[in-house]
C-alpha cells in the first residue's frame, strides 16, 4: 500500500521519492503490456524517502492552480519538462518515479533473461493512472480524447505501428487514393460492408483487434463503429478504440432525400490525402484516453525506451489536459501513479483533502419553487395537485363550477367547457370498463380450456 512506501515523518499528501538510476536501452520490438486494475502498492526494494516533514509537496498553491478552461482534443502548443506549468513540475517526484520504474523494468528483464517462457520483447508501455475525487464524466464516452505530447509514443521504437483505416464503402476507393501516400503508411483498409460481413464473427473481430496497433476511422461514420466493432473493441479501454480523422473533402450538403449517409458511395477523387496525412501526424504525436463513468483513468504516456525527463514531460502534458476537463481543475485530482503493465504502481502525488465543503450535504438548504409550465431548459413542471401514476383516491380534487375535477382537468377548464370535460371523462371510463370486461372474459376462457 502507499502508506508503506512513505517514511514515518512524511506528512499525508507528500509524494513518494525514489532513487535515481540510469536505465539501459531496451530491445527492439512493439510495446506490450496493459495495466491490470487499480494500483496496489509500490515495487519491492523501492527506497523510502529521506526528506523531512518540511519537504516540498506537490499540492498546488493558489497561484499554481490552473484556471478552468474549455476542454480541447488537441493542444496547440506543448511544453517541456522544464517549462511546464503543471503543478507536478514543481518537484522532481515524477522524474524520480520514472527513474525507479525504469530500474525495476531493467532488473526484471535481467531476471527473465534465462526464462524460456518469458517474453523476449523488453519494450513496454508506461501508464499514468489518475484517480479523481469525482467521476470524470456523467455519460459513457465512445470517442477517445486526444492529448498532444512532446514525445510521441513510437518515436523511439524500431518498428512503425500498424495502422488500420475503417472506411466507408467501397474500400477500394480509399486504397487507390491512400496507397503509399501517407507517413506512416496504412497497413490495411477495411470498409463497413466487410466489418458487417467478414468480421461479424467474434473470433474474426478478435483477430482484427490483435493484428494492428492503431485504428483510425473516417469521421463521417464514427457513430456506426460501436455497432460494427462490438464489445471486442469497446470493452478493452481506449487503447485500440478507433480515432476519427478527416478523410474526405468537405462539400456542401445538398437538401435532397435521394441518398442517406449510409448509402453514400465514395469515389477516389472524394478523398483528401492532405487531411488524412494531417490526421495521422496528430495521432503519432499524441496519446489518448477515454472519459469513463468512474474516477479512474489510465493513459499511455511513454515506453521503457524513454528517458526519465521525456517521461515526465509527457506526464505533465497529460495532467494539464486531464485537469482542464475537471470542474475544480487540479484540485479535483485525488492521486497520480506511474506504472507498466507488469510492475507495481509508484505514487507521485496524493491529495491532502479528499473532499471540500461544497461536497457536504446541507439539510437546511431549501429548494426554490419552480413556476408551473414549460421551463427554459426544456422541462415541464406539473401542478402540485397532479400525481403521475396515482390512483383516484390519492389524487387531489379541485372544485370548478360545482364539479370536482383533477388538477389537470381544472387547468383544462380554463380553455375548455366543463361539460365537455365531464363528457370526455365519462366516455373514457366506459371504454376502460369495456376493455377490462373483454380481458376478464378472455382470461376466463383460457382457464376453462386448460381445465378441460
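Data overview
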{"read-out": "Extension gain from residue 211 to residue 162, taking 0.36 nm per residue of separation minus the Cα-Cα distance", "value": "16.9 nm"}
{"read-out": "Residue 113/residue 137 FRET efficiency (R0 45 Å; Cβ-Cβ; nearest 0.05)", "value": "0.55"}
{"read-out": "Sites residue 443 and residue 417 - FRET efficiency at Förster radius 30 Å, r taken between beta-carbons, to 0.05", "value": "0.15"}
{"read-out": "Nitroxide proxy distance, nm - points 7 Å out along Cα→Cβ at residue 219 and residue 183", "value": "2.4"}
{"read-out": "Tensor-based shape of the range 120-180 (alpha-carbon gyration tensor, a/c under 1.5 rounded, otherwise prolate or oblate)", "value": "oblate"}
{"read-out": "Cα→Cβ-extended label distance, 7 Å offset, between residue 251 and residue 270, nm", "value": "0.6"}
{"read-out": "Efficiency of FRET between residue 342 and residue 203 - r from beta-carbon atoms, R0 35 angstrom, step 0.05", "value": "0.85"}
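Since every read-out is calculated from the coordinates, none of them should be taken as a lab result. Computed from a predicted model, the values in this text were never measured in an experiment. Using ideal geometry, Cβ is built from the backbone for each residue, glycine included, and neighbour counts are taken over all protein chains shown.
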